[in-house]
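First comes the structure, then the notes that go with it.
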């Protein structure tokens, strides 16, 4: 199933224009058809009412004329004369008159039944035949002219002395004869009691002499000179009354107008062969009941005599005797509303033709617009595929299509610029990634204490200075660490010498206790040894001072490294600004797409397709903005990693600061050792003059030497730890073989301070007050070296 949104504009736009118009035509047609149906219904209503009123008036007028005819006949001279003559001649035959004249004018009448009126006079030569010959032609002419079924003359005794058609009732007595109870007998008997000018009318009922056909009679008494001489009567032609009702073109094929009496019997025969007959009982339909009630009504849809739904109108016919009959006019609704069906088909055909014309007009009207929209779609597809060099046609047009073409051209320029900027950004990002990777590798090696590697890979032009600065910083830092390693080794050697000297001094002190003779010689050697130790301590102090200077220089190098990292961070921020420019371009593109969508909405149905295109362009701009934001987030993450690198280098600087502080502590300790050595040298000078006091201070000296020995061993242990920490750094051989002041080995120092035999010494000398005691200069605490940075931290960077 093809959905409307999937249709192309070549179908959709003409359909969008034509469909509302077609729907409008259809709705208008339906409304007009409904109004037409209502008008036809109203016209039918009016026609039915008019027709039933017309038929009512016709029947009432016909009955009134029959009444007037009977009254006129009863008062006319011709009827009076004819009735008097017929009655007199009838009386001449006595009781044989009925048989005689019935034989002559019925049995012996050469004319067939129904044409017996053609016999004007019998050949019997009787006075009655002469009277018949005289009046029959005039009476028959009147009967034919007025359309009556038959005309009758009665004498006062009830004998039917004359009738036009000489049926089986001719010559019989209707006062007491076999037809006295018939309708004709009723009408005679009633009229024979009436006054002059009055009349009587019977109901419609079967009449035996007329082959039991329904019959209705009208009569009036005949008077001559105030004397009742008989009755004149007429038999009304019911077929003529039925023809009065059915004689109309308005009845069509199924129309029916009929009369019904109060007993529900039909008073007229149906015009259809299969319809009802006169005096047939009719169903109790609503229209019949209302007609019998004398009400005038109209039915738009009700069951009829045929069982079909009919349109019916009712009325009532007033008879001359004062009662009324029901009059009904009905027609099948399907036939009555045939004009509505014809109008429906005509309206459908008109709608189809109009809709086809509207579709063709819409197609021709939208063909040029659709062609340009298809071209725009092709151009947009090319732009979506990355073709930014194609020419956008239609920019010179002044309508909305021209505006769309100009907007697409601007969008193409912006997209081309954005693509170029994105390509440049991609290259810059790859370069930055490469630089960061190489720097990360170098910093990882640096975090592992390896100062031998350099960044030798080719860097982009804007990052070459960074590579040079990193290499220089690593070289300087490696040189400093190399010097520090050599200095630490020299310090260790000096401390070993001090420890050996302390051991020797301890042995000498013990030997001094055993023999005082060797004291003098030992004091001389100690003096020389102390002097040498003082010189060595001064050298160590100088070396430590230089190590401290190098550590301070390393701290400056770390600061420069931090500055270099800061420049990397600034470069990342510049990249972020470029990404912001891309984001601004995407925002402007999105804004242009939004404006295009707004213009498309203003254009209504014609711009709906371009609104979809503008939405797609806006989606592309949004994806560009999202990509720019992703790049920006990556750069921000890179900046955070660079910042972390700065912090890590800062921690390295802090570690160097700790080392610097420890070197300062060592320098202070060595300075104190040197100062102590100088003081000891001065004290030993006094020892030469106060050996007498040596015996009392020997034990004190032994204790002091023991403490010095312990301190020397502690210093040696700390120096070993320092060498262990510094040894973790790997530097080049040039750094490891730095030119440092030569130091004497611990063996030579031990040899110089080895105990020798001494002569007798005067032990009465006072102990030199200048010599420091073990509690005078407490050894400063040795700080633990900073912990090495974990490799994982650099790996994260």
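Data for the structure
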read-out	value
Global form of segment 345-404, assessed from the alpha-carbon gyration tensor, a/c cut-off 1.5	prolate
Residues 360, 722, sorted so that the one with the fewest Cβ neighbours within 10 Å comes first	360, 722
Rg ratio (alpha-carbon, reference 2.2 N^0.38 Å) - segment 564-663	1.87
Percent RCO, i.e. relative contact order, over segment 76-236, from Cα pairs under 8 Å lying at least 6 residues apart	21 percent
10 Å binning of all Cα-Cα separations within segment 242-339, expressed as whole percents from 0 upward	17, 53, 27, 3, 0
Stokes-Einstein diffusion coefficient of segment 76-236, Kirkwood radius over Cα pairs, 4 °C, 1.567 mPa s, in µm²/s	84 µm²/s
Likely footprinting exposure, 111, 276, fewest C-beta neighbours within 10 Å first	111, 276
Residue order, fewest to most beta carbons within 10 Å, for 314, 685, 407	685, 407, 314
Rounded Å value of the spacing that divides the Cα centres of segment 91-139 and segment 428-474	157 Å
Euclidean distance of C-alpha centroids, segment 602-619 and segment 168-190, integer Å	101 Å
Percent RCO, i.e. relative contact order, over segment 242-339, from Cα pairs under 8 Å lying at least 6 residues apart	27 percent
Overall Cα dimensions of segment 269-397, principal axis frame, Å, largest first	107, 28, 22
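No value in this document is a laboratory result; all are computed from the given coordinates. Just so we're clear, the structure is a prediction, and the values are computed from it rather than from any experiment. Because the Cβ atoms are built from the backbone with ideal geometry, glycine has one as well, and the counts that use them run over all protein chains shown.
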